[in-house]
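The values are calculated or read from the model by the stated rules, or taken from the named source; none is laboratory data. Nothing here was measured: the structure is a model prediction, and the numbers come from that model. Don't worry about glycine lacking a Cβ; one is built from the backbone with ideal geometry, like all the others, and counts go over all protein chains shown.
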Amino acid sequence: MHYQSTRGSSIKIKSTEAIVSGISKDGGLFVPEAFPSLTPGKIIELSEKPYYERASYIMSLFLTDFSIEELNDYSFTAYNSNNDNGFTNNKIAPLRKLNSSTYFLELWHGPTCAFKDMALQIMPQLLTASLKKINEKSKICVLVATSGDTGKAALEGFRDVENTNIMVFYPKKGVSEVQKIQMVTQTGSNVNVVAVDGNFDDAQTGVKQIFSNKDFTDDLKNNGVLLSSANSINWGRLVPQIAYYISAYCDLITDKAIRPGDKINFCVPTGNFGNILAGYYAEKMGLPVNKLICASNRNDVLTQFINTGVYDKNRPFYTTVSPSMDILISSNLERLLFELSDKNSAAVTSYMTSLSEKGKYKITENVKNELKRIFSSGYCSEEDTMKTINKTFYDEGYLIDTHTAVAYKVLSDYRENAKDKTISVVISTASPFKFCNAVLKALEQPVNKNKSGMLFKDDLSLIDKLSQATGCEIPASLRLLGNKTPRFNETVNKDNMKESVLKFIKEG
Ligand SMILES: *Cc1c(COP(=O)(O)O)cnc(C)c1O
């Protein structure tokens, strides 16, 4: 299988090259030339397999430069529950039944307690293997700007991976306390974590400027260092995510909740559109999907888009209790537009040009109709996010995080409006213990910290409070945070990020 760019130049590359390059030279994103199909028989066959085999089979359909043995090997390393730093649930991506028509797909049993682990536990293996296969000898330096979850998941994924270094920039004010402690206590000999004096956009812009500084990157290349990114536009991050949609369907068959061929809905808390796009790709492969419901928080640019066909980022940016969805430009939407417009790369290019020049674009009626065929959308206010956490816990006995709550509320609204009784799966993207402060508030529990006199320990005392208030078990990796020592305390000005990278590369 080959990959092409959404912007249409005649580029045609292999999966290994797509994974190493990340983004296409013409500014577009890499997409598969065609979608492999998943037969009903194959879905039944997969439902008898463990998660890692489901994942390696799905990946093998797209990553044809790898043998199934190689993919099985990476997949087993990533998705097993036998080591201290890996997944803590042996189903890897378990389905939790709430009632006869509502299930939650828990994607947060990995080492960093957010769904980013599903891709970032395997992507470093795909990247280093791809480098070998294309005979690229440079050492890789991965740069990441994070609003919280990606940074930690990338650090865990790349920690002590041969021939790589990883450097993460996070906004000094803009990540939760638990997220910050997770990052600054990161172990590994090839990692570095730096706070940026600014918000997420400053950190992100800084990293983008480093990538586009040709003199700088050429210089590094001559010294044997290749910059790489681990963000969600990389094909190596998307392809592993297709697997859990299919896995959820397999588990519903095994549980006899559905018969093979029955259609189901997925409702996805969305930010950069990577997660839900993987669901769309699963549907294109033949997974029986009725609706993909895109859930937004107060930053509801995607809901507006799906309802009106106009994407307009000229609007206020809100900081919310679901920070991983606080985003105004959803990069992976470009890949969806490409498919919806029947691979019309000229149209995609004009939308993206309009987005960068005017901050908005409008899709044609045809594209909009295609969009509406499979997607539905809704948004959830801050108040409703808190109410949903409260109600879901006290009335239904299930504790969910702020992002998952957005999706659950949007699903409930959708059901009421559409009168749709199809079995629905809410994609649960983070452990509630990552967002203790907001979750405790939602449960109307006191959030005053136990003062030990140490900032670090004080912040972590909220984790214990949440466990005491709910009787829910603290994920092992978060419970152990209290024993760890902070290793990184550097803060840089947003204009000095390049120097900081250079220093890290030189001094290791
Ligand atoms: C990243 C993230 C999201 C958004 O996922 P996208 O693929 O960017 O749409 C939602 N919830 C959590 C907890 C996340 O970490």
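Among the residues of the stretch 122-136, none qualifies, meaning not one is at pLDDT below 95 and either in contact with a His (Cβ under 7 Å, 6 or more places away or on another chain) or within 16 Å of the ligand (Cβ to nearest atom) (or both).
A single entry from 17, 53 fulfils the requirement of being out of contact with any Phe, Trp or Tyr (no Cβ under 8 Å at 6 or more places or on another chain), assigned to a helix (DSSP H, G or I), crowded, with 16+ Cβ neighbours inside 10 Å and not hydroxyl-bearing (Ser, Thr, Tyr): 53.
Look through the stretch 328-358, keep the residues that are part of a loop (DSSP other than H, G, I, E, B) and out of contact with any Leu (no Cβ under 9 Å at 6 or more places or on another chain), and return whichever of them is nearest to the ligand (Cβ to nearest atom).
328
A Cβ distance below 7 Å, combined with a sequence gap of six or more or placement on separate chains, defines the contacts here; from the stretch 323-335, residues that are within 30 Å of residue 34 (Cβ to Cβ) and in the same structural domain as residue 297 (by TED's automatic domain parsing) reach residues that are charged (D, E, K, R) and more than 7 Å from the ligand (Cβ to nearest atom) in the pairs 329/313.
I want to confirm something. Restricting to the stretch 302-327 and keeping residues that are assigned to a helix (DSSP H, G or I) and among the polar types (S, T, N, Q), which single residue is nearest to residue 204 (Cα to Cα)?
Keep residues of the stretch 302-327 that are assigned to a helix (DSSP H, G or I), which gives 302-308, 323-325.
Subset that is among the polar types (S, T, N, Q): 303-304, 307-308, 324.
Details: 303: 24, 304: 24, 307: 29, 308: 29, 324: 14 Å.
For the stretch 302-327, the residue satisfying everything is 324.
So that you can scan it fast, the table gives a plain yes or no per residue for (1) out of contact with any Ser or Thr (no Cβ under 6 Å at 6 or more places or on another chain); (2) exposed (fewer than 14 other Cβ atoms within 10 Å of the Cβ); (3) in a loop (DSSP other than H, G, I, E, B); (4) of a type in the set (Ser, Thr, Tyr):
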{"position": "35", "(1), (2), (3), (4)": "yes, no, yes, no"}
{"position": "43", "(1), (2), (3), (4)": "yes, no, no, no"}
{"position": "48", "(1), (2), (3), (4)": "yes, yes, yes, no"}
{"position": "58", "(1), (2), (3), (4)": "yes, no, no, no"}
{"position": "61", "(1), (2), (3), (4)": "yes, no, no, no"}
{"position": "71", "(1), (2), (3), (4)": "no, no, no, no"}
{"position": "75", "(1), (2), (3), (4)": "no, no, no, yes"}
{"position": "90", "(1), (2), (3), (4)": "no, yes, yes, no"}
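Listed by first and then second residue, the pairs with beta-carbon distance under 6 Å, at least 6 apart or on different chains, first residue in the stretch 96-112 and over 30 Å from residue 182 (Cβ atoms), second at pLDDT 95 or above and among the β-branched types (Val, Ile, Thr), are 101/423. Screening residue 140 with (1) crowded, with 20+ Cβ neighbours inside 10 Å; (2) more than 14 Å from the ligand (Cβ to nearest atom); (3) within 29 Å of residue 397 (Cβ to Cβ); (4) not basic (Lys, Arg) gives one miss only, at (3).
Could you run through the stretch 100-115 and say how many residues are part of a strand (DSSP E or B) and either of a type in the set (Ser, Thr, Tyr) or in contact with a helix residue (DSSP H, G or I) (Cβ under 8 Å, 6 or more places away or on another chain) (or both)? Quick ask: steps written out before the conclusion?
Initially, the stretch 100-115 is screened for residues part of a strand (DSSP E or B), giving 102-106, 114.
If we keep only those that are either of a type in the set (Ser, Thr, Tyr) or in contact with a helix residue (DSSP H, G or I) (Cβ under 8 Å, 6 or more places away or on another chain) (or both) too, we end up with 102-105, 114.
Residues flagged as part of a strand (DSSP E or B) and either of a type in the set (Ser, Thr, Tyr) or in contact with a helix residue (DSSP H, G or I) (Cβ under 8 Å, 6 or more places away or on another chain) (or both) within the stretch 100-115 amount to 5.
All conditions in (1) in contact (Cβ under 8 Å) with a residue 24 or more places away in the chain; (2) not basic (Lys, Arg); (3) not in a helix (DSSP H, G or I) hold for residue 11, with the sole exception of (1). Scanning the stretch 268-285 for residues that are assigned to a loop (DSSP other than H, G, I, E, B) and surrounded by fewer than 24 Cβ atoms within 10 Å (Cβ to Cβ) returns 272, 273, 285.
Looking at 494, 419, 441, 484, which is the one that is surrounded by fewer than 23 Cβ atoms within 10 Å (Cβ to Cβ) and assigned by TED's automatic domain parsing to the domain that holds residue 106?
Details: 494 fails: assigned by TED's automatic domain parsing to the domain that holds residue 106; 441 fails: assigned by TED's automatic domain parsing to the domain that holds residue 106; 484 fails: assigned by TED's automatic domain parsing to the domain that holds residue 106.
None of the other options fit; the residue is 419.
Within the stretch 143-158, the set of residues being under 12 Å from residue 190 (Cβ atoms) and more than 16 Å from the ligand (Cβ to nearest atom) comprises just one member, 158. With respect to the stated conditions, residue 265 fails to be crowded, with 21+ Cβ neighbours inside 10 Å and within 13 Å of the ligand (Cβ to nearest atom). Among the residues that make up the stretch 431-451, is at least one of them within 15 Å of the ligand (Cβ to nearest atom), more than 20 Å from residue 245 (Cβ to Cβ) and touching a strand residue (DSSP E or B) at 6+ places or on another chain (Cβ under 9 Å)? Checked against the condition, which is being within 15 Å of the ligand (Cβ to nearest atom), more than 20 Å from residue 245 (Cβ to Cβ) and touching a strand residue (DSSP E or B) at 6+ places or on another chain (Cβ under 9 Å), the stretch 431-451 yields at least one hit. Taking the stated definitions as given, is residue 294 away from the ligand (no atom under 12 Å from the Cβ) and of a type in the set (A, V, I, L, M, F, W, C)? No: the conditions fail for residue 294.
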